[in-house]
1. Please determine whether any residue of the range 161-170 is modelled with pLDDT under 90, among the aromatic types (Phe, Trp, Tyr) and under 24 Å from ASP97 (Cα atoms).
2. Working only within the range 131-177, note down all residues that are assigned to a helix (DSSP H, G or I), over 25 Å from GLY55 (Cα atoms), aliphatic (A, V, I, L, M) and touching a residue at least 40 places away in the same chain (Cβ under 8 Å).
3. If ALA45 satisfies all but one of (1) more than 21 Å from ALA159 (Cα to Cα); (2) touching a residue at least 12 places away in the same chain (Cβ under 8 Å), what's the number of the condition it fails?
4. Restricting attention to the range 227-246, does a residue exist that is of a type in the set (S, T, N, Q) and over 24 Å from LEU160 (Cα atoms)?
5. Anything in the range 104-121 that is among the hydroxyl-bearing types (Ser, Thr, Tyr) and open to solvent by 50 Å² or more (accessible area, probe 1.4 Å)? List them, or say none.
6. Would you confirm whether or not the range 180-191 contains a residue that is small (Gly, Ala, Ser) and open to solvent by 50 Å² or more (accessible area, probe 1.4 Å)?
7. So ALA34 fits all but one of (1) free of Cβ contacts under 8 Å to residues at least 24 places away in the same chain; (2) closer than 28 Å to PRO221 by Cβ; what number is the exception?
8. If only one of ARG101, ARG72 is modelled with pLDDT of 90 or more, charged (D, E, K, R) and open to solvent by 50 Å² or more (accessible area, probe 1.4 Å), which one is it?
Amino acid sequence: MDTRTVLAKVPAVTLGFWIVKILATTLGETGGDAVTMTWLGETTASATGWGYLIGTAIFIVPLALLVAAQIRARQFHPALYWLTIIASTTAGTTMADYATRSIGIGYPGGSLLLLAAVLGCLILWYRTLGSIDVGTVSEPKAEAFYWTTITFSQTLGTALGDWVADDGPGYLGAALLFGALLALVALLHYRTSISKAVLFWAAFILTRPLGATVGDFLDKPLAKGGLDLSRPVATAVLAGLIVALVWMLPQRAGEHPQG
């Protein structure tokens, strides 16, 4: 390795990274819904109104432990990283549902509030460390900003995906819309001089509503435009695919020039 480069503690941004990320966000939707809706019955006649908050409590603990382990680690570990991503996306699902449904701020209010939180994190990160490039995530302060931004973006994506799907083209149509926007960001990456770090975060945020709408399409009832698949089964299948891809696809740390 060139002695003038420093390895990051997050993966290099490759096509494989984006494939696994989209699968992880889809799992976050089906997994979060499996706990709050299927297990805790939040969408049934026996709902207590506490399901989304309980689900958030269930997922926020492993997320905090995994983020702590990720920050304490001395180098990039693929399994630890993707477990933390999955924890953030399942917690994001339940937190968004709690904010938009239980608290009652609705999809527009929740989406705008969470968008402000994501932008606030990115601005503070840049003003503190001078860069939001994920290749520079190699020390605790940058990692704290990274995982805070990710958690807010995962939560934002759930609210945004539900908002667009419910008030517009349905789950499949919304998935196609977010997929098209993601393709547009990829085109801008290769054809323009727009900051690569800014485009990365735009794409990262868009993968979450894409995964959310795909997950909803898989497990929502036929009457609501879904395929009515079992949430636990869909979650297990997605988890198996992620494990297989992380094992088969090259997993290397990102890097950036020292200083």
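The values are calculated or read from the model by the stated rules, or taken from the named source; none is laboratory data. Remember, it's a predicted structure, so these values are computed and weren't measured experimentally. We place every Cβ from the backbone using ideal geometry, glycine too, and count neighbours over all the protein chains shown. To get the accessible areas, we keep the full protein, side chains included, count just its heavy atoms, and leave off ligands, DNA and RNA. Shrake-Rupley method; radii C 1.70, N 1.55, O 1.52, S 1.80 Å.
1. Checking the range 161-170: at least one residue is modelled with pLDDT under 90, among the aromatic types (Phe, Trp, Tyr) and under 24 Å from ASP97 (Cα atoms).
2. The answer is VAL134, LEU172.
3. Condition (2) is where ALA45 drops out.
4. Looking only at the range 227-246, we keep the residues that are of a type in the set (S, T, N, Q), and these are 230, 235.
Okay, now just the ones that are also over 24 Å from LEU160 (Cα atoms), so none.
Scanning the range 227-246 turns up no residue that is of a type in the set (S, T, N, Q) and over 24 Å from LEU160 (Cα atoms).
5. Selection gives nothing.
6. From the range 180-191, those small (Gly, Ala, Ser) are 180, 183, 186; that's our starting set.
Still in the running and open to solvent by 50 Å² or more (accessible area, probe 1.4 Å): 180, 183.
Within the range 180-191, one or more residues are small (Gly, Ala, Ser) and open to solvent by 50 Å² or more (accessible area, probe 1.4 Å).
7. (1)
8. On the way: ARG101 fails: modelled with pLDDT of 90 or more.
Exactly one residue qualifies, and that residue is ARG72.
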